[in-house]
Amino acid sequence: MQRAQYFLDKRVSVVLSDGRHLLGILRGVDQVMNLVLSDSVEMSYPAAGSADGCTELVIGSCVLRGDDVAYVALVDTMAEAGIDRLQFTAD
């Protein structure tokens, strides 16, 4: 948990154990890695070769159970600004 404290109030990427991908601001974390995100969106990636682009589902604030969290990573907001995430596909 102590390392997760460094991520507080920063933009993070969270992948859940079922494969879902969320982006948001980490507002809280506890000893079992339950997470509180604000300004969050769930990213959904189409299959490779699909003409569709990535979609974003705006969630807002949410609580994620620590058992469901596969990993948490900081987002480089400067690099993210130059990327059009909606053009991504899954391979």
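Summary of values
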item	result
Other-chain or far-sequence residues with amide H under 5 Å of Arg27's (modelled H)	Asp9, Val36, Leu37, Ser38
Counted charge near Gly24, where neighbours are those whose Cβ lies closer than 9 Å (Asp, Glu -1; Lys, Arg +1)	+1
Cα gyration tensor, segment 3-77 - rounded (a/c under 1.5), prolate or oblate	prolate
Phi-based couplings in Hz for segment 20-33 (Karplus 6.51, -1.76, 1.60; Gly and Pro marked x)	5, 10, 10, 10, x, 8, 6, 9, x, 8, 10, 5, 10, 6
Cut-off under 5 Å, modelled amide H: who pairs with Val69 long-range	Ser17
Proximal charge balance of Ser61 [Cβ under 11 Å; K/R count +1, D/E count -1]	0
Neighbour-count ranking [beta-carbon atoms within 10 angstrom, fewest first] of Val36, Val58	Val58, Val36
Neighbourhood net charge (14 Å Cβ-Cβ; Lys/Arg +1, Asp/Glu -1) for Tyr71	-1
Extended-chain gain in nm, criterion 0.36 nm per residue less alpha-carbon gap, Thr77 and Arg3	24.7 nm
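Throughout, read-outs are computed from the coordinates displayed, never taken from laboratory work. All values reported here derive from a predicted model rather than from experimental measurement. Glycine gets a Cβ as well: all are built from the backbone with ideal geometry, and neighbour counts include every protein chain shown.
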